[in-house]
Amino acid sequence: MSAKRRSELMQIVRGTGSCSITELAVRLGVSTETIRRSIEPLIAEGELLRFHGGVMVPERAEEPPFQRRMQVNREAKLAIARLVAARIEDGDSLFLDNGTTSAYVADALTARARLTIVTHSAHIAYRLASRNGNRVFMAGGELGGEDAAAFGASAIAFIGQFKLRYALLSVGAITSDGALADFHLFEAEFSRAAMAQAEQTWVIADHSKFGREASVTVCPLAAVDAIVTDLPPPDSFIAQCAAAEVAILLPEGRG
């Protein structure tokens, strides 16, 4: 690895504390394979630490995993959150899952009033409860230690009591054939249950999720109403959305 690339790569990761392989490839204008080769000596030397899908600076390693993931593709998630908040109106009702993008959306929604929010995430509930006349309903169940989200049959049954306008759902992957997928069975089950109770389903996913593979299928592309993302998706996915009549929502100036 050249000294210039090493310096640029380290500057990017230090700037956010952590960064995904895909984000590094985009920002440096190289392939993900090149990034993977480039980070190996930095990991071996202790300059970086590896986590699933990315790298971080060592001083961030002691942070809780959820907080580390909050810093991955941070600017992209902020852009998505601002776009969602601009389209949600005072008095709307919505489901929010426990993804990091959902947490950014929750922060952006603090500008709205009289929202009804159903979530299984303690992070989301804390951000929006007791604010601007909101009503927040938190699903019960066993609390996961990593992301402070309730899971289990009781959490799924709880959200079945509500009929809301939107299900705003993050996903782990949007596969090459257009399916929406996740890495954990419960996350997929929560998403499907929320979709069944919502008038519209919006998938909130930054550009790094396109073309990624995950082990648990949430639903086919045609089952959702919109994809909210920060950069234009691959042309093949745009064609799939057109065929399935799924809207693609992008920040102004990025379409």
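Read-outs: derived from the displayed coordinates by stated rules, not from any lab. Owing to the predicted nature of the structure, the values given are computational and were not obtained by experimental measurement. In this analysis, Cβ positions are derived from the backbone assuming ideal geometry, glycine residues included, and neighbour counts consider all displayed protein chains.
Which one of LEU221, LEU164, LEU49 has the biggest mean-square fluctuation once the chain is modelled by GNM with Cα springs under 10 Å? Result: LEU49 has the largest fluctuation of those listed.
Inter-label distance, ILE248 to VAL30: 2.8 nm, where each label sits 7 Å from its Cα along the C-beta direction. One decimal place: the segment GLN11-ILE43 gains 10.0 nm when fully extended, by the rule 0.36 nm per residue minus the C-alpha distance.
Here the contact order of the stretch 142-255, divided by its residue count and restricted to Cα pairs under 8 Å and six or more residues apart, works out to 24 percent. Derived from the Cα gyration tensor, the three semi-axes of the equivalent ellipsoid of the stretch 15-129 are 33, 15, 9 Å, largest first.
Our helix-only sum for the chain, with -39,500 (n - 2.57) per DSSP H run of n ≥ 4 divided by its residues, gives a mean residue ellipticity at 222 nm of -11500 deg cm²/dmol. Summarising the overall dimensions of the chain from its C-alpha atoms, the Rg and Dmax are 18.4, 58 angstrom. Counting 0.36 nm for each residue step from ASP235 to ALA3 and taking away their Cα separation leaves a gain of 80.0 nm. Shown is the FRET efficiency for ALA86 and GLN200, computed with R0 = 25 Å from the Cβ-Cβ distance and rounded to the nearest 0.05: 0.95.
Candidates ALA122, GLY91, THR34 compared by Cα position along the dipole of the chain: farthest toward the positive end lies GLY91, with charges placed on Cβ.
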